[in-house]
Amino acid sequence: MDSRQSNLLQGTLDLLILKAIGRRELHGLGVSRRIEQITQGTFQVKPGSLFPALHRMEEAGWLSSSWGESENNRRARYYRLTKAGQRQLGEEAAQWTKVAAAMTSALKAT
Amino acid sequence: MNLGARIWSIIRNLAFRHKTENDLDGELRAYVDMLADEKVAAGMSPSEARRSALVEFGGVEQVRQAVRDRRAGAGLESLWQDVRYGLRTMARNPGFAILAVLMLAVGIGASTTAFDWMDQILLRPLDGVTQPQNLVALVSTTANHAYVPISYPDYQDFRDRLRLVEGVAVAHPTALSVGKEERAERVWGELVSGNFFAVLGVKPELGRMFSSAEYGDKPGAFPVAVISDRFWRTHYGSDPRVVGRTIRVNSHELTIIGVAPPDFHGSLTAEAYDLWVPYMEQPMLNGVEAWMLRDRGNRNMLAIARLKTGVTLGQAQEELSALAGRMAVADADMDQGMGATLLPLSESPFGPQGLLAGPLRILMGISVLLLLIVCANVASLLLARATAREREFSTRLALGAGRWRLIRQVLTEILLLTGIGAALGIVSVPWLSRTLQLLMPPGQPTLDLNTRLNLHVLIFTAGLCVLATVSAGVIPALQSGRTELSARINEGGRSGVAGRGRHRLRSILVISEVALALVALVCAGLFVRAFEEARGINPGFDPNHVLLTQFYLATNGYNLEQRKEFCRQLGEKMMSAPGVVDVAWSDGVPLSFEPSWWEDLEVRGYVPLPGENMKIFRNVVSPDYLKLMRIPLMTGRNFTEQDNEKSELVMIVNQTFAQRFFAGQDPVGRHVRGFGEWFTVVGEARDSKYNYLGESPTPYFYVPFRQIYRADMQLAFYVKVHGDSGAMLPILRNKVREIDPNVTVFDAMPLQESVGATLYPQKLAATLLMILGALAVLLAALGLYSVMAYAVVQRTQEIGIRMALGARRIDVLGMVEWQALILTGAGLAVGMVLALACSRSLASLSFTDSAMGGGVTLAGEKVMNPLIYAGAAVFLAAVGALAALLPAHRAASVEPMRALRTD
């Protein structure tokens, strides 16, 4: 993430990762690319932030990982959402929507 | 966060570290490879793609570390790293580590032992009873506010009339003779009221305790006994059929009705008793006449009461005072001017508590002092090493370590030191605790000390550890965090900008150590002085070359007449033995551990002031007693054989008695009433010491053995010889055996030893304080030495220059010594102020184990003795100069050229 976006809260990154993985199984680079895709290039997550986040969320029980084969037959670690992760995604998405709506209405006011 | 998942993660991360690291490595590499693949697919050459991928990735190690830092268990892991690092550092400087650990072990061990003693004796609630917090001691108070035991009739009144108290029980500790005559052994037991176990709430291990069946007041009606668990195991082999068997106590058969639980030892904390018998059996057991049980003046019972739930101590005290006031009026002949009060059990003036409370408090204080000195020393050593480690810390800071991490590192190292020191100290505590028995004089029941470490003590030690860590480490730790980077790395030498500040800190530490050591020395000195003085006091009689023994003829079933006859026969036989100068016998032994008994007197022609205490100490003696003791008569005559059961009752009084009641006039011919009869005074004896060597002149009187001796009195037998009194013992035993082979000679010892026994607590306190004081001085010297040694090393270059410029060796020596003396002097100044302040509180400590004694205190001029302060100061100054001698010598032997070349 470049300097302007680097003060995004840790929770936002978590939400992005959860959403990016969704119902699929992705490896590290895949997650990074997907986030870039779904945010239309606004957020580019560097490994220095991505991997700590991935591992942390795995320890929290929201993601589970396993070794697998990538497209080019490379051995990579794949992540998917657990049930708790799904729940967490739903909760955080709802929370974020609420906050965003509130901010929008606040900025519209005169 | 899911707690279970988190804990599992921590375990997995710590246990399978290797695998986790490998996995992460593989994962990151895969990322880089796939990124490179993407770029190749976009048209880059493989090598350029790879390089670009790596640049985009950022530092691999940084990412790895970022993951590691946020992993679960990262905190624990870094703590573990600190510990291992600390251990490695200590291994590199074993001398410092060993020294620090040993000092901490001594300081923590001493403090923990002192606390353990205090906990056992003063803080421990009574064992084996229910709800000990509701139990209080009930004591009578005399007109001059001294605490005394209560009498049985008083107990009955309290028992029957107090409302706010659930129950009152009494106990009379005594030695009993258990078993057949030839193989009789002395067992310590308590003669107790019937409700004793009920009030204390003791549940039987086997059989039953005394119950309402034994509550009556009929003498001789309850020939039963309860034995202790220890006695049951050692004498009956834990036989479950012991209930119902008989036990022979003082030649009478009693039935064992129960065994007390293992943790119950009696009504006096920390003393172990083995046998409990109803007090109503005393006439049978001790040959005491039944009417004595009804004598209100016979105050020999220790009372415990249980407060009703919800009643405060204050409320119960009020009720008791009111009742005692009424009793004092109703039974004015015995109880006039007396009151009663309740005390928390831990403040009971009887038993080991009363005896040891003062000395233990002092010991605790000095131990803490010692620990403080130890901490100061460790801190000083750490500061010295901090200077040496500056470069190491600076490098770590430059490599990106947080300051907090460095501080935590130092604290962890210190905690390691204190932890190991504490572990060493704790190991020795159970062994040291046993030595408390030495504080108790002979002839008392053994102390029952719980030598297992209990929770209190462990918590205390842990607290000490933390305290020591903080006080020793906080300054060095904070200092390490404040290391300035460039200054450190660029400095070529060992001293830094912070070096001077550190040196000042170390100097302050040394000054405080010296001050504390002075306080310790002064306290020890005061004690030793008081002890020496007490020992040097002329007792007023001559205890040398006298063999003292005790007889318990009641246990052989002797009645009064038989006892007197026994004494007369034994006296005759001993007088005919070679080398014997005098023979005598009496009820009490002067200056022994048992307090002297007193009698309420009425003096014809003397009107006592209101509230005046007419209880005067006395001894019941054979005619030759005064002669044996070499106590001269000032006027009148001594007792003779003619003063017997049929003749006029006579008495000899001492000078203070005559001074007080006869205004210094000749007391011969005057009349005094006591023991229910009128006596004529026939002589005046010179004053001597009766209860404590340090007592002020006390009125005293003697009455003839044959006229006054009662069956509940003790019997002490004295034999004065030309040479060694101990050699007389076998002869005495033979003569006793000639008269009656069943009689045992107890407690044989030179009278001098018995006289010295009153000084036991003081003697041991003085000894312990000397040891602690010496340790304190040693530590302070050590601290001073290390500071001076370090300073010399720092100043090697300077010294080299001085010598090159013409300073002689003696000048350098003087310079170092002068520096040391300044430090020591400052410490002594501070210490003096502290010592003077402390000595005030010392002055009020007293050494007495029961009331009505002139308690010895370190009061008045003794505390202000300038010799002790001056002596301690001079001694410490000398030690300081000596401690600096070696560094000074090293400084003086510096070769200038070598010094100038050193880095």
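The values are calculated or read from the model by the stated rules, or taken from the named source; none is laboratory data. In this text the structure is predicted, and so the values were computed from the model without any measurement. Because the Cβ atoms are built from the backbone with ideal geometry, glycine has one as well, and the counts that use them run over all protein chains shown.
Suppose we keep only residues that are at pLDDT 75 or above and surrounded by 21 or more Cβ atoms within 10 Å (Cβ to Cβ) within the stretch B:434-464. Which one would you say is farthest from residue B:122 (Cα to Cα)?
That would be B:464.
Which residue, of B:202, B:101, B:170, is in a loop (DSSP other than H, G, I, E, B) and crowded, with 20+ Cβ neighbours inside 10 Å?
Working: B:101 fails: in a loop (DSSP other than H, G, I, E, B); B:170 fails: in a loop (DSSP other than H, G, I, E, B).
Going through B:202, B:101, B:170 in turn, just one is in a loop (DSSP other than H, G, I, E, B) and crowded, with 20+ Cβ neighbours inside 10 Å: B:202.
Of everything in the stretch B:359-410 that's outside any helix (DSSP H, G or I) and of a type in the set (A, V, I, L, M, F, W, C), which residue is nearest to the chain's Cα centre (by Cα)?
Kept after step one, since they are outside any helix (DSSP H, G or I), are these residues of the stretch B:359-410: B:389, B:399-402.
Pick out the ones that are also of a type in the set (A, V, I, L, M, F, W, C) and you get B:399, B:401.
On the way: B:399: 53, B:401: 49 Å.
Only one residue fits best here, namely B:401.
Are any residues in the stretch B:639-656 surrounded by 23 or more Cβ atoms within 10 Å (Cβ to Cβ) and out of contact with any Phe, Trp or Tyr (no Cβ under 6 Å at 6 or more places or on another chain), and if so, which ones? Don't jump to the end; show me each part of the working.
Narrowing the stretch B:639-656 to residues surrounded by 23 or more Cβ atoms within 10 Å (Cβ to Cβ): B:639, B:651-654.
B:639 - this is the single residue of the stretch B:639-656 that is surrounded by 23 or more Cβ atoms within 10 Å (Cβ to Cβ) and out of contact with any Phe, Trp or Tyr (no Cβ under 6 Å at 6 or more places or on another chain).
Which of the helices (runs of 4 or more DSSP H) contained wholly in the stretch B:708-801 include at least 2 residues that are within 31 Å of the chain's Cα centre (by Cα)? Full working, then the answer.
Values: elements: B:728-739, B:751-756, B:760-794.
The helices (runs of 4 or more DSSP H) meeting that bar are B:751-756, B:760-794.
Hey, does the stretch B:515-524 have a residue that's out of contact with any Gly (no Cβ under 6 Å at 6 or more places or on another chain) and more than 19 Å from residue B:832 (Cβ to Cβ)?
Checked against the condition, which is being out of contact with any Gly (no Cβ under 6 Å at 6 or more places or on another chain) and more than 19 Å from residue B:832 (Cβ to Cβ), the stretch B:515-524 yields no hits at all.
Working carefully through the options B:796, B:824, find the one that is hydroxyl-bearing (Ser, Thr, Tyr), modelled with pLDDT of 85 or more and in contact with a helix residue (DSSP H, G or I) (Cβ under 7 Å, 6 or more places away or on another chain). Please lay out each step first, then the result.
Numbers: B:796 fails: modelled with pLDDT of 85 or more.
It is B:824.
Only one of (1) closer than 17 Å to residue B:266 by Cα; (2) hydrophobic (A, V, I, L, M, F, W, C); (3) not in a helix (DSSP H, G or I) fails for residue B:232. Which number is that?
(3)
Among the residues of the stretch B:186-199, write down those that are in contact (Cβ under 8 Å) with a residue 40 or more places away in the chain and assigned to a loop (DSSP other than H, G, I, E, B).
Answer for the stretch B:186-199, where residues must be in contact (Cβ under 8 Å) with a residue 40 or more places away in the chain and assigned to a loop (DSSP other than H, G, I, E, B): B:193, B:194.
Would you mind finding the one in B:540, B:636, B:605, B:579 that is surrounded by fewer than 21 Cβ atoms within 10 Å (Cβ to Cβ), touching a residue at least 40 places away in the same chain (Cβ under 8 Å) and within 22 Å of residue B:733 (Cβ to Cβ)? Spell out how you get there, then give the answer.
Numbers: B:540 fails: within 22 Å of residue B:733 (Cβ to Cβ); B:636 fails: within 22 Å of residue B:733 (Cβ to Cβ); B:605 fails: within 22 Å of residue B:733 (Cβ to Cβ).
Residue meeting the stated conditions: B:579.
Can you confirm whether residue B:488 is at pLDDT 70 or above and over 30 Å from residue B:354 (Cα atoms)?
Values: at pLDDT 70 or above: no; over 30 Å from residue B:354 (Cα atoms): yes.
It is false that residue B:488 is at pLDDT 70 or above and over 30 Å from residue B:354 (Cα atoms).
Checking the condition among the hydroxyl-bearing types (Ser, Thr, Tyr), surrounded by 19 or more Cβ atoms within 10 Å (Cβ to Cβ) and at pLDDT below 80, which residue from B:367, B:346, B:394 passes?
Values: B:367 fails: at pLDDT below 80; B:346 fails: surrounded by 19 or more Cβ atoms within 10 Å (Cβ to Cβ).
Selected residue: B:394, the only one of B:367, B:346, B:394 that is among the hydroxyl-bearing types (Ser, Thr, Tyr), surrounded by 19 or more Cβ atoms within 10 Å (Cβ to Cβ) and at pLDDT below 80.
When residues of the stretch A:75-91 are filtered for being within 10 Å of another protein chain (Cβ to nearest Cβ), surrounded by fewer than 19 Cβ atoms within 10 Å (Cβ to Cβ) and not hydrophobic (A, V, I, L, M, F, W, C), how many remain?
Residues meeting the conditions: 2.
Of the residues B:727, B:711, only one is touching a helix residue (DSSP H, G or I) at 6+ places or on another chain (Cβ under 9 Å) and not aromatic (Phe, Trp, Tyr); which? Steps first, please.
Numbers: B:727 fails: touching a helix residue (DSSP H, G or I) at 6+ places or on another chain (Cβ under 9 Å).
One residue alone meets the criteria, B:711.
Residues in the stretch B:103-118: is at least one within 30 Å of residue B:455 (Cβ to Cβ), within 14 Å of chain A (Cβ to nearest Cβ) and at pLDDT below 85?
Of the residues in the stretch B:103-118, the ones within 30 Å of residue B:455 (Cβ to Cβ) are B:103-118.
Filter again for within 14 Å of chain A (Cβ to nearest Cβ), leaving none.
Scanning the stretch B:103-118, I find no residue that is within 30 Å of residue B:455 (Cβ to Cβ), within 14 Å of chain A (Cβ to nearest Cβ) and at pLDDT below 85, so the answer is no.
Mind listing just one residue for me: the one in the stretch B:648-683 that is part of a loop (DSSP other than H, G, I, E, B) and touching a residue at least 12 places away in the same chain (Cβ under 8 Å) and, of those, farthest from residue B:696 (Cα to Cα)? So that I can check it myself, show each step before the final result.
If we filter the stretch B:648-683 for residues that are part of a loop (DSSP other than H, G, I, E, B), which is where we start, we get B:648-649, B:663-670, B:675-676.
Retained after the next criterion (residues that are touching a residue at least 12 places away in the same chain (Cβ under 8 Å)): B:648-649, B:666-670, B:675.
Working: B:648: 32, B:649: 29, B:666: 22, B:667: 21, B:668: 24, B:669: 27, B:670: 25, B:675: 26 Å.
Per the stated criteria, the residue is B:648.
Going through B:381, B:360, B:356, B:417 one at a time, which residue ends up being surrounded by 21 or more Cβ atoms within 10 Å (Cβ to Cβ) and within 19 Å of residue B:778 (Cα to Cα)?
On the way: B:360 fails: within 19 Å of residue B:778 (Cα to Cα); B:356 fails: within 19 Å of residue B:778 (Cα to Cα); B:417 fails: within 19 Å of residue B:778 (Cα to Cα).
Being surrounded by 21 or more Cβ atoms within 10 Å (Cβ to Cβ) and within 19 Å of residue B:778 (Cα to Cα) holds for just one of B:381, B:360, B:356, B:417, which is B:381.
Pairs only if they're at least six apart or on different chains, beta carbon under 8 angstrom, first in the stretch B:8-37 and farther than 29 Å from residue B:79 by Cα and more than 9 Å from chain A (Cβ to nearest Cβ), second of a type in the set (Asp, Glu) and assigned to a helix (DSSP H, G or I); list them, first residue then second.
Sorted first by the residue in the stretch B:8-37, then by its partner, the list stays empty.
When you check residue A:63 against the structure, is it more than 14 Å from every other protein chain (Cβ to nearest Cβ), within 22 Å of residue B:9 (Cα to Cα) and touching a residue at least 24 places away in the same chain (Cβ under 8 Å), yes or no?
Working: more than 14 Å from every other protein chain (Cβ to nearest Cβ): no; within 22 Å of residue B:9 (Cα to Cα): yes; touching a residue at least 24 places away in the same chain (Cβ under 8 Å): yes.
Taking the combined requirement at face value, the residue does not satisfy it.
Are any of the residues in the stretch B:122-130 surrounded by fewer than 16 Cβ atoms within 10 Å (Cβ to Cβ) and charged (D, E, K, R)?
No: zero hits.
Hey, does the stretch A:36-45 have a residue that's buried (at least 20 other Cβ atoms within 10 Å of the Cβ), out of contact with any Gly (no Cβ under 7 Å at 6 or more places or on another chain) and not hydrophobic (A, V, I, L, M, F, W, C)? Explain how you work it out, then say what you get.
So the first thing to find is which residues in the stretch A:36-45 are buried (at least 20 other Cβ atoms within 10 Å of the Cβ), and the list is A:45.
With the extra rule that they be out of contact with any Gly (no Cβ under 7 Å at 6 or more places or on another chain), the set shrinks to A:45.
Now drop any that are not not hydrophobic (A, V, I, L, M, F, W, C), which leaves none.
No, that holds for no residue.
Suppose we keep only residues that are more than 10 Å from every other protein chain (Cβ to nearest Cβ) and more than 24 Å from residue B:10 (Cβ to Cβ) within the stretch B:54-86. Which one would you say is surrounded by the most Cβ atoms within 10 Å (Cβ to Cβ)? Step through it out loud before you land on a result.
Residues of the stretch B:54-86 more than 10 Å from every other protein chain (Cβ to nearest Cβ): B:54-55, B:61, B:74-86.
Filter once more, keeping what is more than 24 Å from residue B:10 (Cβ to Cβ): B:54-55.
Working: B:54: 14, B:55: 9.
By that ranking, first place goes to B:54.
Restricting to the stretch B:397-409, name every residue that is within 20 Å of residue B:101 (Cα to Cα) and surrounded by fewer than 20 Cβ atoms within 10 Å (Cβ to Cβ).
So in the stretch B:397-409, the residues within 20 Å of residue B:101 (Cα to Cα) come out as B:408-409.
B:408, the sole residue that qualifies.
Residues checked against (1) among the basic types (Lys, Arg); (2) within 14 Å of chain B (Cβ to nearest Cβ); (3) more than 23 Å from residue B:58 (Cβ to Cβ):
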position	(1), (2), (3)
A:21	no, no, no
A:33	yes, yes, no
A:48	no, yes, no
A:59	no, yes, no
A:73	no, yes, yes
A:93	no, no, yes
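Can you name the condition, by its number, that residue B:356 falls short on among (1) more than 24 Å from residue B:508 (Cα to Cα); (2) of a type in the set (A, V, I, L, M, F, W, C); (3) more than 17 Å from the chain's Cα centre (by Cα)?
Of the numbered conditions (1) more than 24 Å from residue B:508 (Cα to Cα); (2) of a type in the set (A, V, I, L, M, F, W, C); (3) more than 17 Å from the chain's Cα centre (by Cα), the odd one out for residue B:356 is (3).
Do you know which of the residues in the stretch B:303-325 that are of a type in the set (S, T, N, Q) and part of a helix (DSSP H, G or I) is surrounded by the fewest Cβ atoms within 10 Å (Cβ to Cβ)?
Step one: list which residues in the stretch B:303-325 are of a type in the set (S, T, N, Q), which gives B:309, B:312, B:315, B:317, B:321.
After this cut, where a residue has to be part of a helix (DSSP H, G or I) as well, the list is B:315, B:317, B:321.
Values: B:315: 13, B:317: 17, B:321: 15.
Looking at the filtered set, the residue picked out is B:315.
Return the residues of the stretch B:685-707 that are surrounded by fewer than 22 Cβ atoms within 10 Å (Cβ to Cβ) and more than 14 Å from residue B:596 (Cβ to Cβ); say none if nothing qualifies.
B:686, B:687, B:696, B:697, B:706, B:707
Listed residues B:211, B:193; which is surrounded by fewer than 21 Cβ atoms within 10 Å (Cβ to Cβ) and hydroxyl-bearing (Ser, Thr, Tyr)?
The conditions single out B:211.
Kindly provide the set of residues from the stretch B:253-282 that are within 17 Å of residue B:174 (Cα to Cα) and surrounded by fewer than 18 Cβ atoms within 10 Å (Cβ to Cβ), ordered by number.
Scanning the stretch B:253-282 gives a single hit, B:272.
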